[in-house]
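**Q** I have a structure here, written as C-alpha cells, and I will follow up with some questions on it.
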Amino acid sequence: MTLAEIVAKAEREVGGKVVELAECADRWIFGFDFEEEALTSVVWCCAKETEEIFCFFPPDEPDILKSAKLVSLPKEKQWANMK
C-alpha cells in the first residue's frame with residue numbers, strides 16, 4: 001500500500017481529514033483536522049507492517065512521539081480518488 005493509500009484509508013476509517021503526518025520506526029502517525037482545537041488523549045496511527053489503523057495512548061509509549069519525524073503529506077491529487 002502506498003503512503004497516499006494509507007492516508008486515504010485512515011480518513012475513511014477514522015473520519016476527518018489528515019492534516020499532519022509523522023513517521024517513526026514501526027508506524028505512521030496522523031494528525032486529523034478535528035484534533036486541531038481539541039484536547040485528545042489518544043493518537044491515531046497505522047502500523048507499517050500490518051497496515052492496521054489504531055490509536056495509542058502516548059503516556060503508555062512515551063518514546064513513540066519523541067522519535068517521530070514530520071513528513072510531507074502526499075499531494076492531494078494523488079489520493080483524492082482513493083477515498
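The values are calculated or read from the model by the stated rules, or taken from the named source; none is laboratory data. Not measured: the values here are computed from a predicted model. All Cβ positions, even for glycine, are placed from backbone atoms using ideal geometry, and neighbour counts span all protein chains on display. Please note that ligands, DNA and RNA were not included when accessible areas were found on the heavy atoms of the full protein model with its side chains. Shrake-Rupley method; radii C 1.70, N 1.55, O 1.52, S 1.80 Å.
**Q** Here are some conditions: (1) surrounded by 12 or more Cβ atoms within 10 Å (Cβ to Cβ); (2) touching a residue at least 12 places away in the same chain (Cβ under 8 Å). Residue 69 meets all but one. Which one does it not meet?
**A** (1)
**Q** Hey, another quick one. Could you list all residues from the range 23-48 that are open to solvent by 90 Å² or more (accessible area, probe 1.4 Å) and at pLDDT 90 or above?
**A** Answer for the range 23-48, where residues must be open to solvent by 90 Å² or more (accessible area, probe 1.4 Å) and at pLDDT 90 or above: 25, 34.
**Q** To continue, here is another question. Test residue 51 against the stated conditions and say whether it is open to solvent by 40 Å² or more (accessible area, probe 1.4 Å), out of contact with any Pro (no Cβ under 7 Å at 6 or more places or on another chain) and in contact (Cβ under 8 Å) with a residue 40 or more places away in the chain.
**A** So residue 51 passes the test.
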